[in-house]
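The structure under discussion appears below in the form of structure tokens.
Where a number appears in this text, it was derived from the coordinates with a stated rule and is not lab data. Computed from a predicted model, the values in this text were never measured in an experiment. Note: ideal-geometry Cβ built from the backbone for every residue, glycine included; neighbour counts use all protein chains shown.
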DNA sequence: TTATTAATTTGTAACGATTACAAAGTTATA
DNA sequence: TATAACTTTGTAATCGTTACAAATTAATAA
């Protein structure tokens, strides 16, 4: 079992008290929590914690690829400590975000279940386009 | 060529001046524009247009499945009049959103190009989870 | 037509997630 | 121990979006 501290070190993030607490929380709560959920849940055990720290820390984790930032929810960014490839399904009624295995090949196949009623599928990627990539390299 | 007005009628949206203008704009500008871009571009030719109308109208279009709302950009919602299945790629430097053909099968294959530098892939879907679906049906 | 009702648009104000920023605190290094 | 670098914190500002009620326009009934 990989500890939060080790996970941070591997991703070149210096482990502070706050960073370890936030990473630990993410590793123990695979519920794709929002900043606010993380902040509110950690506050009782870490009363000096600042909301800004949670924002900063998750931004840092994200930049170092120690966590995944999900834009599935247009209201808030959600965070996922599991960085192995998998898909997500969000219920727009209860807001719950589910993990979806990516072992199927076709997207159509992937979502044809009797349980979930899929109303929208988005396959999105972010990175650098050819022009910006060239500019970056010069 | 399908007109904006016809596209609205097909999707059971009553065609008003504003609605036609916004749909026309989306059909002619496949650049996945934000609300603000649409508003600013239409203002010169429609000086009485309100930003709220653009929000309301796109929300309505989206609900009627006349357009697709993309959450690829965490800063703003982007809109796409093309509702046939395709993927998107956003450059996080210039903000440009590209269409990606969905003819390839594997997600890995899909993004292994020499041109685009892919740093993040998200396969997201939204709908109703089993519990909420059951609740909805009762 | 005219009156009445429903639908649509508009502008302002409020909301809420996120970011900017500078001060305070902590850790590393000379 | 002193200095510099890093991290955390709290407040204020920003900005996309939403709430809401008034004004306008369109549809329908009398």
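Using the Cβ-Cβ distance between residue A:52 and residue B:55 with R0 = 25 Å, the FRET efficiency computed as 1/(1 + (r/R0)^6) comes to roughly 0.30.
Across peptide B:69-77, the mean count of Cβ atoms from other chains lying within 10 Å of each residue's own Cβ comes to 4. Taking a ≥ b ≥ c as the square roots of the eigenvalues of the Cα gyration tensor, chain A is classed as oblate, since a/c reaches at least 1.5 and a/b does not exceed b/c. Against the compact-protein benchmark of 2.2 N^0.38 Å, the Cα-based radius of gyration of the protein assembly as shown scales to 1.11.
Let a ≥ b ≥ c be the square roots of the eigenvalues of the Cα gyration tensor of the range B:1-73; is it rounded (a/c under 1.5), or, if not, prolate (a/b larger than b/c) or oblate? Judged from the Cα gyration tensor, the range B:1-73 comes out rounded (a/c under 1.5).
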